[in-house]
Amino acid sequence: MSASAAITFSGTGLSTLGYSAWAPGSAQYVAASGSTPAYAALSTPDAGLGPNSGDAAVFAQGPFGKLSQVSMSFDIYSQSGGAGNQPYAELWVVLPDSNLGLILNMGGTQLNDASAIHVVYTDQSYWGQSLGSILNDTYEGVKYGDMTVEWVGVGIGDWAIDDSIGKTANIDSITVSPVPEPTTMIAGALLLLPFGASTLRMLRKKRMAGLIGVGALALGLLASGGSAKANLIVNGSFELGGFVPNGDNTMDLPSGSTAMTGWTVTTANLAWIGPGNPFGLSASDGSYFLDLSGYHDNQPYGGVAASTGISTVIGQQYNVAFDVGSDVVYDTVSPSVQVTLNGNPPTGTFTAGPIASVHNRWETFDFAFTATSANTLITFQGVGADNQKYIGLDNVVVSAVPEPTTMIAGALLLLPFGASTLRLLRKTRAA
């Protein structure tokens, strides 16, 4: 791994990151006060395998590039507690089966070629090898070095099983260092800005190799400038949390459940569905998704709310995008999802297209809003007629809308590329 065009999340940029908490307040953003900088506060009584297990983490979503081309580091403003549960760097890579594999460093504040690592969520055991030594090893036919880094983060935990030593760590910066040249980053970032978050998402789904990197780097450039365009929603694709499947590789979640990282179930039960389920359904992004109709198939249907809301700037415009799933096998009437901001009257109801004969269909919807408070609570609620058997929800993305001057600059940059470039980007937006 070599380091260039580093992306640093610090100051108010830390407020845009995701926080995975084992208990309220165990992972949270703390604003600057006087001479004390802003930081991500992590705490645990004894994480990992300890007797009072509870882990906490802060993370940023990419993609950031290939594992062979990415390194990361973080700075600790202050810490307290036992030496056995030091904070550690995390990289999450996309495995060939689209699940995520976790690579942890085993000490220190850097994760690079020389770092001793532990690989989690694959059937290959790496414990103590250097990251550089496994890059050419393959998992299900793909080299680790060629896998895409989707998330980076910092966690805190104690991996001993015979103690219960608490720990706190305050992280005041996280730096990711992708390899692509700065000139390519600038051109790519400006090229995509006029098209917004939905273009980035479509390019990522299409896995267009040359353009995926551009999308990720556009996010990085903006982040390093103090206004990170990372997804403001924690766990927008429902990949993280305490998933305990039943025989259908599905988890029935009651109203009030916080089993999914970053989300609280509202109104009624819903189904959290994983890969390999018997329903013939799959996620639109990642491996997990929701069925807001749950197992009860009658009104009221389930909903989800962002547990801690979204940090927003009053007067700033934001874009909300999400995917609604439908399936001809289960319904004859198109399902709908209603979105509400801050508990006000619904912002809108978004209905899937005619059921027709389409199986496992996902449709992307989006809308914009202007923030009226420093924290915005967003809720997604399944709606429809009685006996609705499937209301899919996945891939929730909330991002700040670029300033008009930036959008104009990006549009002007497109001119030398001609109409063919515009047509290519327009095609990727087609359903």
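The values are calculated or read from the model by the stated rules, or taken from the named source; none is laboratory data. No experiment lies behind these values; they were computed from the predicted model shown. Here Cβ is always computed from backbone atoms with ideal geometry, including for glycine, and neighbour counts include all displayed protein chains.
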Handout entry: Residues of segment 310-320 classified as surrounded by fewer than 23 Cβ atoms within 10 Å (Cβ to Cβ) and not in a loop (DSSP other than H, G, I, E, B), total
Key = 5
Handout entry: residue 351 in contact with a strand residue (DSSP E or B) (Cβ under 7 Å, 6 or more places away or on another chain), at pLDDT 90 or above and crowded, with 17+ Cβ neighbours inside 10 Å
Key = no
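Examine segment 321-330 for a residue that is over 26 Å from the mean Cα position of the chain (by Cα) and not hydrophobic (A, V, I, L, M, F, W, C), and state whether such a residue exists.
yes
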Exercise for the section: State yes or no: is residue 307 surrounded by 20 or more Cβ atoms within 10 Å (Cβ to Cβ) and touching a strand residue (DSSP E or B) at 6+ places or on another chain (Cβ under 6 Å)? Expected result: no
Exercise for the section: Tell me, yes or no, whether segment 322-330 has at least one residue that is more than 20 Å from residue 384 (Cα to Cα), touching a residue at least 12 places away in the same chain (Cβ under 8 Å) and of a type in the set (A, V, I, L, M). Expected result: no
Exercise for the section: Filter segment 359-391 down to residues that are aliphatic (A, V, I, L, M) and surrounded by fewer than 15 Cβ atoms within 10 Å (Cβ to Cβ) and give me whichever is farthest from residue 321 (Cα to Cα). Expected result: 385
Exercise for the section: Give the residues of segment 22-55 that are at pLDDT 80 or above and within 21 Å of the chain's Cα centre (by Cα), sorted by residue number. Expected result: 26, 27, 28, 29, 30, 39, 40, 41, 42
Exercise for the section: For segment 332-345, state whether one or more residues are touching a Lys or Arg at 6+ places or on another chain (Cβ under 7 Å) and either loosely packed, with under 15 Cβ neighbours inside 10 Å or closer than 19 Å to residue 290 by Cβ (or both). Expected result: no
Problem - Residue count, segment 254-263 (criterion: part of a loop (DSSP other than H, G, I, E, B) and surrounded by 17 or more Cβ atoms within 10 Å (Cβ to Cβ)) - result: 3
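Yes/no matrix, rows are residues, columns are (1) under 23 Å from residue 351 (Cα atoms); (2) modelled with pLDDT of 90 or more; (3) of a type in the set (Gly, Ala, Ser); (4) not in a strand (DSSP E or B):
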{"position": "265", "(1), (2), (3), (4)": "yes, yes, no, no"}
{"position": "278", "(1), (2), (3), (4)": "no, no, no, yes"}
{"position": "290", "(1), (2), (3), (4)": "yes, yes, no, no"}
{"position": "297", "(1), (2), (3), (4)": "yes, no, no, yes"}
{"position": "301", "(1), (2), (3), (4)": "yes, yes, no, yes"}
{"position": "304", "(1), (2), (3), (4)": "yes, yes, no, no"}
Problem - residue 379 being touching a residue at least 60 places away in the same chain (Cβ under 8 Å) and in contact with a strand residue (DSSP E or B) (Cβ under 6 Å, 6 or more places away or on another chain) - result: yes
